[in-house]
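Enquirer: For reference, the structure I am asking about is given below.
The values are calculated or read from the model by the stated rules, or taken from the named source; none is laboratory data. This is a predicted model, so every value here is computed, not measured. All Cβ positions, glycine included, derive from the backbone under ideal geometry; neighbour counts span all protein chains shown. Calculation scope for accessible area: heavy atoms of the full protein, side chains included, ligands and nucleic acids excluded. Shrake-Rupley method; radii C 1.70, N 1.55, O 1.52, S 1.80 Å.
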Amino acid sequence: MGVTDDSQVRPPAVAGAFYPEDPRELTRTIVELLANAAVAEAGAPVPRALIVPHAGYFYSGHVAAVGFARWRSLRGKIKRAVILGPSHRVPLRGVAFPSVSAFRTPLGDMPVDRSVVRMCADLPYFQVRDDAHAFEHSIEVELPFLQVLFGDIAIVPLVLGDVHPTDVRRIVDRLWNDDDTVLVVSSDLSHYLPDGEALQRDAATTAAMETLDGDRLGPEDACGFVGVRAVLELARQRGLHMSTLAVANSGAASGDRSRVVGYGAYGFA
C-alpha cells in the first residue's frame, strides 16, 4: 500500500531516536522483541484491545512486545487499527485526527482511514488538526509493531487532549465494531518517581484497571489516562475481560532507580 504524494504523508518524527531508523534493523529489533515476549497460557483468549507503552524501545519495547505478541495469531485477519495516544507537545482540547492520507515509518506507509471524518463530523470535540500529530510520538512508536504483525493496514490515529474519557469512548464505539479492527491505547504509567514509590503507584494503577475502575485514574497515574479510562468504559459496556500482561519501569534498562517511568501492557478480550 504505497502512497506516492509526499504532501499527503505524515513523515516519521522520532525514527532514529525512539526506535531504529534503518528498516532492516527496525524489523530485526521488533522480531526479536516479539520472539522474547512471554508466551500466553494455553487457551488464553486473544485480546482485541491493548494498552501498551510508548517510550523508546530500549526502555519499554520489551513491555509493549508482550502485548503485541498476543496478536500473532491474528496475522492476515486484521485490516485496521484504531490508535489512541495522548498529546505531549501541543495544547489540545478534544480529539485530533490528521488530514493526511498516510503515516510513514521506515517500514512503509500506513494508510489513514479517512471515512472517520464523516463518521465523527457531528461530534463537537472531534477535529482535524495536523499540528497535534506532526511531532507526537505516542502513536508513531506503535506503528512498526503493527506493520511487522499485520503489514501496512489502515489506521485511525487519534491524539487525545483535554477531553472527557466518555467522549473518547463514544468515538471508539463508532469505530471499533468488527473483527478485523483492533484497538491500541498508548500510555506509559507513573513518571519520574523513585523506584519503590513507582512500583507502589503502578501496582495501584494496575489494580484499578483490573477492576475496570477508571475513575481512580488521573494524569499522575498514566500519561494516557484519558484513553485508558475510555477503554475501561468500553470494557464495562461490552463485558470484556481485562488481563495484566506485563508491568515494569525504566530503571531496569537505564540502571537509574532514582527517577523512573512505569510501563504496562494490558489486554482486553
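Enquirer: Once neighbouring chains are kept in place and the probe is 1.4 Å, which whole percent of the accessible area of the range 25-115 is contributed by carbon and sulfur?
Expert: C and S atoms contribute 54 percent here.
Enquirer: Just the accessible area per residue of the chain, please: how many Å² with a 1.4 Å probe?
Expert: Working: 11150 Å² over 269 residues.
The answer is 41 Å² per residue.
Enquirer: Can you compute the charge dipole magnitude of the range 118-269 about its Cα centre, using +1 on each Lys and Arg Cβ and -1 on each Asp and Glu Cβ, nothing else charged? Give it in debye, rounded to the nearest 20.
Expert: So the dipole magnitude of the range 118-269 works out to roughly 260 debye.
Enquirer: Another question, then. Order these peptides, 144-156, 56-68, by their mean beta-carbon neighbour count within 10 angstrom, highest first.
Expert: Top of the packing list down: 56-68, 144-156.
Enquirer: Taking K and R as +1 and D and E as -1, what net charge do the other residues with C-beta under 14 Å from the C-beta of Gly76 add up to?
Expert: Summing Lys/Arg as +1 and Asp/Glu as -1 gives +2.
Enquirer: Amide H neighbours of Ala102 under 5 Å, at least 5 residues apart or on other chains, H built in the peptide plane: list them.
Expert: It is Arg10, Val112, by chain and number.
Enquirer: About the Cα centre, and with charges only on the beta carbon of Lys, Arg (+1) and Asp, Glu (-1), how big is the dipole of the range 6-60? Nearest 20 debye, please.
Expert: Dipole size: approximately 160 debye.
Enquirer: Where is the GNM fluctuation largest for the chain (alpha-carbon springs, 10 angstrom cutoff): Gly108, Gly224, Gly161?
Expert: Taking springs between Cα atoms under 10 Å, the residue moving most is Gly108.
Enquirer: Also: Using only the Cα atoms, what convex hull volume per residue in Å³ does the range 1-69 have?
Expert: 135
Enquirer: Evaluate the Kirkwood expression for the hydrodynamic radius of the range 166-269, namely the inverse of the mean inverse distance over all pairs of different C-alpha atoms, and round to one decimal in Å.
Expert: After inverting the pairwise mean of 1/r, the radius is 14.2 Å.
Enquirer: Among Leu193, Thr244, Gly214, pick out the residue whose Cα is farthest towards the positive end of the charge dipole of the range 142-269, where Lys and Arg carry +1 and Asp and Glu carry -1 on C-beta, about the Cα centre.
Expert: Gly214
Enquirer: Jot down the per residue volume, in cubic angstrom and as a whole number, of the convex hull over the alpha-carbon atoms of the range 40-196.
Expert: Residue-normalised Cα hull volume stands at 133 Å³.
Enquirer: If contacts are Cα pairs under 8 angstrom and at least 6 residues apart, what is the relative contact order of the chain in percent? Before the final figure, lay out each step's value.
Expert: Values: 572 pairs, mean separation 71.7, N = 269.
This gives 27 percent for the chain.
Enquirer: Stretched out fully, how many nm does the piece from Ala207 to Arg257 gain, at 0.36 nm a residue minus the Cα gap?
Expert: 15.7 nm
Enquirer: Still on this structure: On each of the three principal axes of the Cα atoms of the range 20-103, give max minus min coordinate, whole Å, ordered largest first.
Expert: Here the Cα extents, ordered largest to smallest, are 43, 30, 23 Å.
Enquirer: Taking the Cα centre as origin and putting +1 on Lys and Arg beta-carbons and -1 on Asp and Glu beta-carbons, what dipole magnitude results for the chain, to the nearest 20 debye?
Expert: I would put it at about 500 debye.
Enquirer: Could you compute the net charge surrounding Ser138? Neighbours are other residues with a C-beta less than 11 Å from the C-beta of Ser138; K and R count +1, D and E count -1. Write out the running numbers ahead of the final one.
Expert: Working: positive: Arg89; negative: Glu136, Glu140, Glu142, Asp188.
Value of the local net charge: -3.
Enquirer: Continuing with this model, one more query. Could you tell me, in Å, what Rg and Dmax come out for the Cα atoms of the range 174-232?
Expert: 13.1, 42
Enquirer: ³J(HN,Hα) across the range 127-140 via Karplus (A = 6.51, B = -1.76, C = 1.60, θ = phi - 60°), whole Hz, x for Gly/Pro?
Expert: Values, residue by residue: 9, 9, 8, 6, 5, 5, 9, 3, 10, 7, 8, 5, 8, 4 Hz.
Enquirer: Something else: Cα convex hull of the chain: mean projected area in nm², to one decimal?
Expert: Orientation-averaged projected area of the Cα hull: 13.1 nm².
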